[in-house]
1. Which condition number does residue 174 fail, the rest of (1) within 18 Å of the chain's Cα centre (by Cα); (2) part of a helix (DSSP H, G or I); (3) at pLDDT 90 or above being met?
2. Is there any pair with a first residue in segment 236-260 that is without any contact (Cβ under 8 Å) to a residue 12 or more places away in the chain and a second that is open to solvent by less than 70 Å² (accessible area, probe 1.4 Å) whose Cβ atoms are under 9 Å apart and which are 6 or more apart or on different chains, and what are they?
3. Out of everything in segment 214-241 that is touching a helix residue (DSSP H, G or I) at 6+ places or on another chain (Cβ under 8 Å) and among the small types (Gly, Ala, Ser), what residue ends up being most open to solvent (accessible area, probe 1.4 Å)?
4. Given the options 159, 153, 138, name the one that is at pLDDT 95 or above and closer than 21 Å to residue 80 by Cα.
5. Show the residue pairs that are 6+ apart or on different chains and have beta-carbon atoms under 6 Å apart, the first residue being within segment 136-156 and closer than 16 Å to residue 76 by Cα and in contact (Cβ under 8 Å) with a residue 40 or more places away in the chain, the second being open to solvent by 50 Å² or more (accessible area, probe 1.4 Å) and part of a helix (DSSP H, G or I).
6. Could you pull out the residue among 126, 155, 111 that is in contact with a Phe, Trp or Tyr (Cβ under 7 Å, 6 or more places away or on another chain), surrounded by fewer than 19 Cβ atoms within 10 Å (Cβ to Cβ) and not basic (Lys, Arg)?
7. Looking only at segment 115-135, how many residues end up being over 8 Å from the mean Cα position of the chain (by Cα), charged (D, E, K, R) and part of a helix (DSSP H, G or I)?
8. Here is a list: 227, 245. Which entry is at pLDDT below 95, within 20 Å of residue 120 (Cα to Cα), part of a helix (DSSP H, G or I) and small (Gly, Ala, Ser)?
Amino acid sequence: MAIIGKILGGVLGFAVGGPLGALLGAVAGHGLIDRSRSRAVAGGNGAVEADAGVVFALGVIALSAKVAKADGTVTRDEIRTFQRIFPFDPDERSRIADLYNEARRSTEGFEAYAEQVRGVLAAKPELLAEVVDALYAIAAADGELHPAEERMIAEIGAIFGLGDYEMASLRARHASRSQSGAGAANDRDRGAADAYAVLGVAPGASDDELRAAHRKLVLTYHPDKLASKGLPEEFMELANDRLAAINAAYETVTKERRAR
């Protein structure tokens, strides 16, 4: 079943538990949950864990709503990017919007949502990185990475346990959308600097180190690999975008080095 059907149909429903389960509850109501169809499993501590794909999707919805609230404005570009990253049928739009708006209104802090996502996906750091990639993509869609949005995404990354290089890599491929008008020479310099950041290497890295970094990123974040980790099929365009950015960054750096 597609991830949107699991979320809206209540296949997992309140078995998700925690703040994300409360978010579902606020929108759907207990009467719409069919516990008999739950695919959740009880953890050793008695907690209930939902499948990775459901928590990933709910995490993107809830955390993107909190990030949007950080600068006080939700733009059409951000909405379009959200819908591109997480495509769904028009007849599902109102209930997805209900989840999104409930997360914005909720007194639950973004930290609680991030903690729950981390708890479920801790053994799959690639998926945690993809959540942050989605947040950067949506925040930068209007041509500006607002400082408040950046701070919140950085805090989410810290909760997820993502390192500085990983966060810099994720940010770099979206940063150029919020930078403009520096002139052709500066644009080229910034493009090379961003490319190194996307690859997670310093400009002084050797060619062998550069190749190794590129290969590791491709192997880790290839869409097929992410799908095997539980990335929902609806988010494959996000994964394809990142792989394309990794390959484009490698091409930019290798061309820059050949031109020296």
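1. (3)
2. These pairs meet every condition: 251/195.
3. Kept after step one, since they are touching a helix residue (DSSP H, G or I) at 6+ places or on another chain (Cβ under 8 Å), are these residues of segment 214-241: 214, 217-223, 225-227, 229-241.
Applying the additional criterion that residues be among the small types (Gly, Ala, Ser) yields 227, 230, 239.
Numbers: 227: 50, 230: 27, 239: 1 Å².
Top of the filtered list is 227.
4. Numbers: 159 fails: closer than 21 Å to residue 80 by Cα; 138 fails: at pLDDT 95 or above.
Residue meeting the stated conditions: 153.
5. That search, which allows pairs on different chains as well, returns 141/77; 142/77; 143/177.
6. 126
7. Total meeting the criteria: 3.
8. Working: 245 fails: within 20 Å of residue 120 (Cα to Cα).
Only one candidate passes the filter, namely 227.
The values are calculated or read from the model by the stated rules, or taken from the named source; none is laboratory data. What you are looking at is a predicted structure, and each value in this text was computed from that prediction instead of being measured. FYI the Cβ positions are ideal-geometry reconstructions off the backbone, even for glycines, and counts take in every protein chain you see. Heads up: the accessible areas ignore ligands, DNA and RNA and are worked out on the full protein's heavy atoms, side chains in. Shrake-Rupley method; radii C 1.70, N 1.55, O 1.52, S 1.80 Å.
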